[in-house]
Amino acid sequence: MSRLRIVHTESSCGWGGQEIRILTESRGMIARGHQVLLLAPEESGIFQAAPRYGLPAQALPIRRKRPPDLRAMSRWLRAHAGDFDVINTHSSTDSWLVGAARLWVRDAPPVVRTRHVSTPTAPRATTRWLYARAAAHVVTTGEALRLRLSQEQRLPLSHLSSVPTGIDLQAFAPRDAQAARRDCGLEEAPTLGILATLRDWKGHVYLLEAWQQLARTHPHWRLLVIGDGPQREALEARVDAAGLRGSVRFVGNRDDVPRWLPCLDIKVLPSFGDEGVPQSILQAMACALPVVSTPIGAIAEAVDDGVTGLLVPPRDSAALATALARLMDDAALRRRMGDAGRAAALERFGLDRMLDGMERVFHDVVRAHPSRGGGSARGA
């Protein structure tokens, strides 16, 4: 395909799978010869991480839906409207700012909106405008999210595409768990773990409730908590109050996730809201780990219940404990589900599959845009 000039905008100052997807996708597009730029607040995690991914980034104060942020976006767009072929927005705020700024900028690039989460959208005319008119096309990270958004905002399915997140299948690969634990300085004990930002809706509280039971019935197992976030202090206090400190370890955010995931024998993510297809689940599958999760968002598109893992109702610590105990007690089942997960990741969730999908969307949008007609994307 011909060369594209792509701008990503991200207003969020958080850190999680959404930001990692933007960075990973951008690095892959650059490797394919496309020009990519990130616009984000200087204080944001994604802006700070961009150099590590080889992604050029420009600081722009677009954190809030307010006049100064809109003026900053409008000034940038007026100055650079002809320098790029497509703008890819990601969060609500930057999508609104870009959509509003384009109303006053002649020949602005078309917009692709990527929606990463499953939170219901508001049934308002302004929200429908954001998806139906301000965006030339909408990408979701799972088919269930695509169908839901189409229904909520009365959008034709032709206006939306599902492009699941792609995983580096060479970096995330099976490895001997005991060797991985030694490499990370962990106790040589069977381990289940969660890799997620410590936000309430990731379900850490329900995991700790389940662990109170499992720590008694499976005293030789350990729980590893990878990630950081606003709930960490409260979660560590809960562990201390329950007397679980000896079997639970918090290791914070890790830049070397491919080194840490193989330490696990089971991957768990008991989310109860706001999910697309979580990257950590796909990464775990690529590492041949069985997954225990919930059917929230588009998780069921990745975790085939009874095949690559087990799905339990959200906010149900008893069901979670039962599912985890089933895997903890059956090494052969763990291997079968892990092998099936690795096969599914190889077939459906490779990095190239995501990049191919996004390239198709970007090229289709650029070709259809009246002021572009393919523009520089024809061969510059």
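Being farther than 30 Å from Asp83 by Cα, surrounded by fewer than 17 Cβ atoms within 10 Å (Cβ to Cβ) and of a type outside the set (Gly, Ala, Ser) narrows it down to one residue among Arg154, Arg133, Arg106, Arg148; which is it?
The unique qualifying residue is Arg154.
Can you pull out the residues in the range 31-51 that are free of Cβ contacts under 8 Å to residues at least 60 places away in the same chain, surrounded by fewer than 17 Cβ atoms within 10 Å (Cβ to Cβ) and not hydrophobic (A, V, I, L, M, F, W, C)?
Gly33, Glu42, Glu43, Gln48, Pro51 - these are the residues of the range 31-51 that are free of Cβ contacts under 8 Å to residues at least 60 places away in the same chain, surrounded by fewer than 17 Cβ atoms within 10 Å (Cβ to Cβ) and not hydrophobic (A, V, I, L, M, F, W, C).
Within the range 224-238, which residues are buried (at least 21 other Cβ atoms within 10 Å of the Cβ) and part of a helix (DSSP H, G or I)?
Correct list: empty.
Restricting to the range 355-373, and then to whatever is in a helix (DSSP H, G or I) and among the small types (Gly, Ala, Ser), can you tell me which residue is modelled with the lowest pLDDT?
Ala368
Condition check: in contact with a Ser or Thr (Cβ under 7 Å, 6 or more places away or on another chain) and closer than 20 Å to Trp260 by Cα. Does Ala171 satisfy that?
no
The values are calculated or read from the model by the stated rules, or taken from the named source; none is laboratory data. All figures in this text were calculated on a predicted structure; none of them were measured in a lab. Heads up, the Cβs are rebuilt from the backbone with ideal geometry, glycines too, and the neighbour counts pull from every protein chain shown.
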